[in-house]
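S.K.: Please see the structure below; I have some questions.
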Amino acid sequence: MKEFYLEKMPQWYRDFTKYDVVLSDDIDGLVSTSILKYVKNWDTKYFYDFQDIYVSSDTYFKENKSATRVWADVAFVLQNEMTFDNHVSRKSSSDWTNELCINPNLLSDISQNNYYDKYCGSTALLIWSIYNLPLPETEEGKMLLLAIDTSFKGYYANTRFRARNKFYLCDMFGFPELYEVEQHHTQQEFYDIIAKYNLSTKTRLVNGKLETDLELKTISELLGIPVELPEHEFVIWRSFEKKKGNTQNLKSVKDIKNVVTLAWTGKTYAMYSITKTKR
């Protein structure tokens, strides 16, 4: 990532503290947490499927969990907690902001008001750029990296989105090579990569253990980093209620009672979770 943007971000990402990471339920969350394990040796201690959050047994009774917790690929807006995120989660530029959130949309002052200038890419690619990891060696590996969370899609949408795609890849992240990969391939070729490696599959919890249908060994070889699920067991900690709503009359994300996570999925609609029970 370009130094200008690194200096604008919350600086906790440089910490030597061994934080506990929250894994979300898709390929973006899995690669994001795998990067953090590979670079920082931060272990995945939570699993969040946007309805329930599970925790490892050794973390369940830990006091002040929020001080050592890092959310990966989650738009956490309840309070100031460390998170890497790629979503739009503000109504306007003056709306409440999680000050510990690292997000390209915050770095470029994106909110619902200028929604179509947003970052259309993965959290994994964001973290990849922050820690300056070498790009995958092969063309297919680079395509796979761009296929996570359809980071390639903006290039093929229209002139405006192509310009934004170039801005984030080249001007913010410093990955002109990835922009060149998009120029050499069709959109369908990227969707073929998604299908070939089953990238739309969800991580799931079965009898306390995390499982996936992804070929993790192959994906690891293509990306050049170990992509792995944690092996320890998880137990339920808290539950939430998933909702979707029209946000035209919303003044601030804080107007949603008990909101935990929120992401605009369209100009006027947002997906969000609210507190349901506490265990």
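Values in this text are rule-based calculations from the coordinates and carry no lab data. Small disclaimer: the values here were computed from a predicted structure and weren't measured. Virtual Cβ from ideal backbone geometry, glycine too; neighbours counted across all protein chains shown.
S.K.: Of the listed values (1) 0.99; (2) 0.94; (3) 0.96, identify the label whose number matches Rg/Rh (Cα atoms, Kirkwood Rh) calculated from this model.
M.R.: Comparing each candidate, only (2) matches the computed number.
S.K.: In whole angstrom, how far apart do the alpha carbon centroids of the stretch 157-222 and the stretch 65-106 sit?
M.R.: 22
S.K.: Further, regarding this structure: Hey, if you put +1 on the Cβ of every Lys and Arg and -1 on every Asp and Glu Cβ in the stretch 36-142, which of 138, 116, 78 ends up farthest toward the positive end of that dipole?
M.R.: Highest projection toward the positive end goes to 78.
S.K.: Then there is this: Counting only helical runs of four or more DSSP H residues, what would the 222 nm mean residue ellipticity of the chain come to if each run contributes -39,500 (n - 2.57) and the total is spread over all its residues?
M.R.: That calculation yields -8000 deg cm²/dmol at 222 nm.
S.K.: Starting from the Cα of residue 11, step 7 Å toward the Cβ, then list every residue of the stretch 106-141 with an amide N under 18 Å from that point.
M.R.: Once the point is set 7 Å along Cα→Cβ of residue 11, 130-131 turn out to lie under 18 Å by backbone N, inside the stretch 106-141.
S.K.: What's the local net charge at residue 187, with K and R +1, D and E -1, over the other residues with C-beta under 13 Å away? All intermediate terms of the calculation are to be shown ahead of the outcome.
M.R.: Numbers: positive: 153, 162; negative: 182, 189, 192.
Local net charge: -1.
S.K.: Can you give me the relative contact order of the stretch 190-279 as a percent, contacts being Cα pairs under 8 Å and 6 or more apart? Kindly include the intermediate steps, with their values, before the conclusion.
M.R.: Details: 105 pairs, mean separation 20.2, N = 90.
22 percent.
S.K.: Going by a ≥ b ≥ c, the root eigenvalues of the Cα gyration tensor, does the stretch 165-279 fall in the rounded group (a/c under 1.5), the prolate group (a/b larger than b/c) or the oblate group? Numbers along the way, then the final one.
M.R.: Working: a/c = 2.43, a/b = 1.22, b/c = 1.99.
Oblate.
S.K.: Given a Förster radius of 35 Å and the C-beta distance between residue 198 and residue 163 as r, what FRET efficiency does 1/(1 + (r/R0)^6) yield to the nearest 0.05? Each step should come with its number before you reach the end.
M.R.: Values: r = 32 Å, r/R0 = 0.90.
So, using R0 = 35 Å, E works out to roughly 0.65.
S.K.: Which order, highest average first, do 62-75, 129-142 follow once you tally other Cβ atoms within 10 Å for each residue and take the mean per peptide? Intermediate results must be reported in sequence, preceding the final value.
M.R.: Working: 62-75: 19.3, 129-142: 15.5.
In descending order of packing, they fall as 62-75, 129-142.
S.K.: Given a Förster distance of 25 angstrom, what is the FRET efficiency for residue 170 paired with residue 94, based on the Cβ-Cβ distance and rounded to 0.05?
M.R.: On the way: r = 29 Å, r/R0 = 1.16.
So, using R0 = 25 Å, E works out to roughly 0.30.
S.K.: Tell me the relative contact order for the chain as a rounded percent, counting alpha carbon contacts under 8 Å between residues six or more apart. Could the numbers behind the result be given before it?
M.R.: Numbers: 533 pairs, mean separation 62.6, N = 279.
Relative CO of the chain lands at 22 percent.
S.K.: Same structure again: In terms of the Cα gyration tensor, with a ≥ b ≥ c the square roots of its eigenvalues, is the stretch 48-149 rounded because a/c is under 1.5, prolate because a/b exceeds b/c, or oblate? Could you put the intermediate results ahead of the total?
M.R.: Working: a/c = 2.13, a/b = 1.15, b/c = 1.86.
Oblate, since a/c reaches 1.5 and b/c is not below a/b.
S.K.: Now a separate question. Taking amide H positions as placed in the peptide plane 1.01 Å from N, state which residues far from residue 261 in sequence (5 or more) or on other chains have amide H under 5 Å from it.
M.R.: 77, 273
S.K.: Count the net charge of all other residues whose Cβ sits under 14 Å from the Cβ of residue 130, scoring Lys and Arg as +1 and Asp and Glu as -1. If you can, show how the numbers build up before the last one.
M.R.: Details: positive: 2, 8, 14, 40; negative: 3, 7, 15, 73, 85.
Surrounding charge for residue 130 is -1.
S.K.: Another question, then. Mind checking the full-extension length gain between residue 257 and residue 114? Use 0.36 nm per residue of separation minus the Cα-Cα distance, one decimal, nm. Walk me through the intermediate numbers first.
M.R.: Values: separation 143, 0.36 × 143 = 51.48 nm, distance 2.45 nm.
Extra length available between residue 257 and residue 114 comes to 49.0 nm.
S.K.: What are the membrane-span-like helices in the chain by this rule: whole DSSP H runs, Cα extent along the axis at least 27 Å, mean Kyte-Doolittle hydropathy at least 1.0?
M.R.: What comes out of the filter, once short or polar helices are dropped, is none.
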